[in-house]
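One structure is given below, encoded as structure tokens.
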Amino acid sequence: IAKKEIDTDAVRKTTFDDVAGLEEAKEEIYELVKFLKAPQKYSKLGAKIPKGILLVGPPGTGKTLLAKAVAGEAGVPFFSLSGSEFVEMFVGVGAARMRDLFEKAKAKAPCIIFIDEIDTVGRNRGKAGAFQANDERENTLNQLLAELDGFDSDTGVIVLAATNRGDVLDPALLRPGRFDRHIHLELPGLKERAAIFAVHMMPLKLNKEVDNELLAAQTPGFSGADIANICNEAALIAARREKEEVESVDFMDAIDRVIGGLEKRSKIIT
Ligand code: ATP
């Protein structure tokens, strides 16, 4: 089993500048950055910072990005695992892996633990009835609950977890002292999409007629991940066309391609 808890991306340092829009979420989460930089300032006053924070929002809205940015801004290690990595494993491994993750993180505190797709592990146990009881998943969830209860908020470990659906989570996960603080991320509006285009256009060599606001107007309903994809696709198209600069027409074709991809994706789902 591959060991990949430490995300090397975080070493490349993600900051809040990489996160466009999401102003409220950034503001809410900024306190964590301050805490991680100087946990003793908080503990000296007896102030308790939440241990677990749930990031809730549709796919591609920047949950992972925001978590990495917290680590990057605070300059602390980022330990990340996805819910599915705990569950698709041999019996007993999920819980052991959870224990291992927290152990490693505590040794490197202050730091961030990020659990993506927490619903894979933390789905409401009461609603599992229709499926076969999944002991392995339940063991992993119990281990997570024990880990969350097993350290003090002044340890300097903050657990961020992401899900597309907060409503399916086991209530035990949401109790005080566990994931009791929720931050909601929405799909970007017009202004935010323009800002996300601007972030992802930064590394590209652009023709000066390329207009991020115009592109934003043409991409209603697109997520940040879709926009990142469009920008990269536009650059690839321009390269294939042997251009010196990425032009508007390359972006238009990239939008068509990404829309094509999205349509295919929804056909597979329905
Ligand atoms: P999922 O639920 O599918 O895991 P997510 O919400 O965690 O998605 P991310 O993985 O953070 O989404 O986003 C994917 C990529 O999309 C990011 O690496 C980034 O390039 C881009 N992106 C998403 N949101 C934003 C944003 N607000 N600003 C800039 N880039 C963004």
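The values are calculated or read from the model by the stated rules, or taken from the named source; none is laboratory data. Model, not experiment: these values are computed from the prediction. In this analysis, Cβ positions are derived from the backbone assuming ideal geometry, glycine residues included, and neighbour counts consider all displayed protein chains. Heavy atoms of the whole protein, side chains included, go into the accessibility calculation; ligands, DNA and RNA do not. Shrake-Rupley method; radii C 1.70, N 1.55, O 1.52, S 1.80 Å.
Here is how the numbers come out for the structure above:
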{"quantity": "Selected residue (criterion: farthest from the ligand (Cβ to nearest atom)) from residues of segment 40-58 that are loosely packed, with under 12 Cβ neighbours inside 10 Å and not in a loop (DSSP other than H, G, I, E, B)", "calculated": "Lys44"}
{"quantity": "Scan of segment 25-36 for residues that are in contact (Cβ under 8 Å) with a residue 60 or more places away in the chain and open to solvent by 30 Å² or more (accessible area, probe 1.4 Å), ordered by number", "calculated": "Glu28"}
{"quantity": "Residue in segment 235-252 that is within 16 Å of the ligand (Cβ to nearest atom) and either surrounded by fewer than 20 Cβ atoms within 10 Å (Cβ to Cβ) or closer than 19 Å to Thr64 by Cα (or both) present", "calculated": "yes"}
{"quantity": "Matching residues, segment 98-128, being of a type in the set (D, E, K, R) and at pLDDT 90 or above", "calculated": "Arg99, Asp100, Glu103, Lys104, Lys106, Lys108, Asp116, Glu117, Asp119"}
{"quantity": "Single residue of segment 180-197 satisfying the filter (assigned to a helix (DSSP H, G or I) and loosely packed, with under 15 Cβ neighbours inside 10 Å) that is farthest from the ligand (Cβ to nearest atom)", "calculated": "Leu190"}
{"quantity": "Condition met for Leu185 (of a type outside the set (Phe, Trp, Tyr) and more than 29 Å from Gly52 (Cα to Cα))", "calculated": "no"}
{"quantity": "Some residue of segment 166-176 being open to solvent by 80 Å² or more (accessible area, probe 1.4 Å), in a helix (DSSP H, G or I) and over 19 Å from Asn229 (Cα atoms)", "calculated": "yes"}
{"quantity": "Residues satisfying the stated conditions in segment 213-227, i.e. assigned to a helix (DSSP H, G or I) and either open to solvent by 20 Å² or more (accessible area, probe 1.4 Å) or within 18 Å of Asp18 (Cα to Cα) (or both)", "calculated": "Glu213, Leu214, Ala216, Ala217, Gly224, Ala225, Asp226, Ile227"}
{"quantity": "Meets criteria (among the β-branched types (Val, Ile, Thr), outside any helix (DSSP H, G or I) and under 13 Å from the mean Cα position of the chain (by Cα)) for Ile115", "calculated": "yes"}
{"quantity": "Filtered residues of segment 198-212 (kept if of a type in the set (A, V, I, L, M, F, W, C) and either closer than 13 Å to Gly62 by Cα or open to solvent by less than 100 Å² (accessible area, probe 1.4 Å) (or both))", "calculated": "Ala198, Val199, Met201, Leu204, Leu206, Val210"}
{"quantity": "Unmet criterion (only one of (1) assigned to a strand (DSSP E or B); (2) modelled with pLDDT under 90) for Lys13", "calculated": "(1)"}
{"quantity": "Which listed residue, of Phe86, Phe151, Phe131, is modelled with pLDDT under 90 and in contact with a Gly (Cβ under 6 Å, 6 or more places away or on another chain)", "calculated": "Phe86"}
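Results for (1) surrounded by 17 or more Cβ atoms within 10 Å (Cβ to Cβ); (2) part of a helix (DSSP H, G or I), shown as yes or no for each residue.
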| position | (1), (2) |
| --- | --- |
| Gly60 | yes, no |
| Thr64 | yes, yes |
| Leu81 | yes, no |
| Phe86 | yes, yes |
| Ala96 | no, yes |
| Asp100 | no, yes |
| Glu103 | no, yes |
